[in-house]
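Here is the structure we will look at, set down as structure tokens.
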Amino acid sequence: MDSTAKDSYQKILLVEDEKFVADLYAAVLQRNGFVVTCAYDGTEGLAKAQTEPYDLILLDIMLPGKSGLEVLQALRNPTISPTFDQSTTIIILTNFDEDDITKKQILALAQAYLIKVYITPQTLANMLKDTKKGEVPPSPTPMR
Amino acid sequence: MHRIHLTIRLRLILASSLLLLVIFTGMTVYLVRINTETLRTNLQNEAKAFAALATAPVADSYNLYSESGTDQIRAAMANYLGLSRSITNITVVDLNGHRLFAYHPATSPTVTAKQASHFTPLYVKQGGRLQYVVYPYFSTSGAHPFTMVYSVSNDQVDSAIRHEVESLVLFGILLLLLTSGLTNFLLDRIIVRPVREVSRQAKVISDGHLEQQISVHGQDEIALLGQAVNSMAESLKHSIAQLEEIDKVKSEFMAITSHNLRTPLTIINGYLESVEMFDTVDKLKEMIGRIGDSVKRLGSFSEDVLIISSIELGEKMPRKQVSANTFMQTIIDQTRTAAELQGLSLVATIETQAMVSVNEPYLRNAVWNLVDNALKFTPKGGKITITTTESDGMVHIQVADTGIGIAADELSKLFTKFHRATSVIRYDYQGTGIGLYATKIIIEQQGGNIEVKSEEGHGSTFTINLPVASAAETAHTSP
């Protein structure tokens, strides 16, 4: 880690049900110096986010157990998640295109909505390396 | 809207007034004619009676004073004329019609000798009106020295008739005003107000409040109008709901389709990008295996989407006679290899020699979707049973597994395009799929049907039923 490490993203929670995809993103992010924890369904993801602090949560939408939207709503509700640090950046990383209304609803709670197929693991790692903690990395693709 | 409603009201009032006017005018003409007749008869009778009563006394005065004083004759005549308003003049003529005396000489009528010498009274009319009465005077000795002529005035009759017409017209106008007022009131009560109420409520509906119902009272035309608007709103509501449903299904189809195409691409892109991470042959093998799986997933999903699109677009699939036995043998051979690799046992039997009329690649896709699911959802050590039987003119292809099974509430939604709860995004087990939907519509296109039985935790059994090709079809396609 270089000198900027302190104010850049370090601890990442990756909530992704497709194991191949999760492992791949985790491996590439770890090779780039990030500390990555994986959760393979919504329930596990919510529990991990509620019990341990992370700098960044990468959240899929289509998840078994609890959906990404349900996890997001639970995390952003201080009554349900009193221990969760509300300054934590949450980025939706999915291949699922929501309708505009739902997307708006999601973007009120999350900081970005990225389409996985355009953000390869290395692209994501590069984006995050250049971004300060609490800021949203500029997306190489239009956020639709 | 306001103008039309006024026009209808005005039109109806005008129509009813016109009708009343015609009826009333007819009635007036009839009444006046009857009354005129009566009045004229009365006048005639009065004149006749007057003549009968006045002739003797006037003649006596005439005889008495003819030599000495006309003043006395005039006085007697004036006395009698004062008794009747209809007699205006008395003239005395000799039997040749020559005037002997006249009360008003200027207006005395001219009488012919024939009239003057007549034995009985004459009623001389002109234009249907009695003008004068020629009344012969006979002395007590029976002599006929002269004749009286009484001029009759029709003024009284005329004024009576005028008066009657005037009062009738006045009455008519009053009646007309009353009737149009009443018509207006009744129209308002019976038609205008209910119509306005219906149109007010219809406006609410047209403003988008389709749940609004027009209150319907009774069975009349306005009630029918209300009912018609209600049923229109109802069918609009239905159509809108249908369109919204179609729209929702369409966007879900798009969303899930793009998701299913993007996920394998994500894996392929990700692995290719980090190829240097896989620095041993084993790691590389694993990577290539995963890319291969993703390519396969992309392929079969694309295939399903294409099949669904072409069937939904109504494209005809060419069919031909296929031996169920041969067809299933190929599938079983492929399944056996895959099952062995996954550590599953396979039991397969074929008990039919029937031909089926199908599109072979599509049917293969349909059956393979079932076999693929069985392979996917049956854990190691499990068993897959594929049987092909024939009964009642149908070929039954059954694929049973001892896999994870399907929950009862999922079963009914299994063959829908995407079975995903609305609003809240739910995850379906792998194969968020259109595979079973594709299978269903393929089988239905070939004239068959598909059934499923399943118990969660104990496995599933899918059965495809296809009609046996008829003898005629067989003969037709045989060389």
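Structural remarks
- Difference of contour (0.36 nm per residue) and Cα-Cα distance, residue B:10 to residue B:253: 81.6 nm
- Among the trypsin sites (Lys or Arg not before Pro) in the range B:1-92, those located in a DSSP loop and surrounded by at most 13 other Cβ atoms within 10 Å of their own Cβ are B:85.
- Under a 5 Å amide H cut-off, with hydrogens placed 1.01 Å from N, residue B:146 pairs with B:137 among residues at least 5 apart or on other chains.
- Ordering B:112, B:387, A:79 from the fewest to the most neighbouring beta carbons within 10 Å gives A:79, B:112, B:387.
- Label-to-label distance for residue B:129 and residue B:411 is 10.9 nm, based on points extended 7 Å past Cα in the beta-carbon direction.
- Gyration tensor verdict on chain A (Cα atoms; rounded if a/c is under 1.5, prolate if a/b is larger than b/c, oblate otherwise): rounded
- By the rule of a C-alpha distance below 30 Å, with chain neighbours fewer than 8 residues away ignored, the lysines paired with residue A:11 are A:19, A:48, A:66, A:103, A:104, A:116, A:129, A:132, A:133, B:283.
- Kyte-Doolittle at least -1.0, axis length at least 15 Å by Cα - qualifying DSSP helices, chain A: A:19-31
- Between the range B:105-173 and the range B:254-298, the alpha-carbon centres lie 132 Å apart.
- Förster radius 51 Å - calculated FRET efficiency between residue B:227 and residue A:83, Cβ distance, rounded to 0.05: 0.25
- Membrane-span-like helices of chain B, defined as complete DSSP H segments with a Cα extent of 30 Å or more along the helix axis and a mean Kyte hydropathy of at least 1.0, are identified as B:155-187.
- Separation of the residue B:23 and residue B:333 label points, Cα + 7 Å toward Cβ, nm: 9.8 nm
- Chain B - percent relative contact order, Cα under 8 Å, separation 6 or more: 9 percent
- Tail beyond 43 Å, pair distance distribution of chain B (Cα, percent): 60 percent
- Positive-end residue of B:402, B:463, A:10, charge dipole of the protein assembly as shown with Cβ unit charges: B:463
- For the range B:285-371, GluC sites (Glu not before Pro) are listed when DSSP marks them as loop and at most 15 other Cβ atoms sit within 10 Å of their Cβ; the list is B:315, B:351.
- Site pair residue B:112 and residue B:184 shows an inter-label distance of 6.2 nm when each label is modelled 7 Å from Cα along Cα→Cβ.
- Normalised by the number of residues in the range A:11-129, the mean separation of alpha-carbon contacts (under 8 Å, six or more apart) gives a relative contact order of 25 percent.
- Förster radius 30 Å - calculated FRET efficiency between residue B:245 and residue B:317 (Cβ-Cβ, nearest 0.05): 0.60
- Beta-bridge orientation, the range B:280-392: approximately 40 percent antiparallel, per DSSP, counting only bridges with both partners inside.
- Computed [θ] at 222 nm, helices only, for the protein assembly as shown once each DSSP H run of length n ≥ 4 contributes -39500 (n - 2.57): -17500 deg cm²/dmol
- Cβ crowding within 10 Å, taken as a proxy for footprinting-reagent exposure, orders B:159, B:199, B:151 from fewest neighbours to most as B:159, B:199, B:151.
- Taking other residues whose beta carbon is less than 15 angstrom from the beta carbon of residue B:34, and scoring Lys, Arg as +1 and Asp, Glu as -1, yields 0.
- Percentage relative contact order, the range B:170-244, counting C-alpha pairs under 8 Å, at least six apart: 23 percent
- Magnitude of the charge dipole, the protein assembly as shown, Cβ model with Lys/Arg +1 and Asp/Glu -1, debye to 20: 2560 debye
- Only one residue of B:295, B:308, B:346 has its Cα farthest out toward the positive end of the dipole of the range B:233-348, where Lys and Arg carry +1 and Asp and Glu -1 on Cβ, and that residue is B:346.
A short reminder: the numbers here are calculations on the coordinates, not readings from a lab. Everything numeric in this text was worked out from a predicted model, so none of it was measured. Cβ: placed from backbone, ideal geometry, glycine included. Neighbour counts: every protein chain shown.
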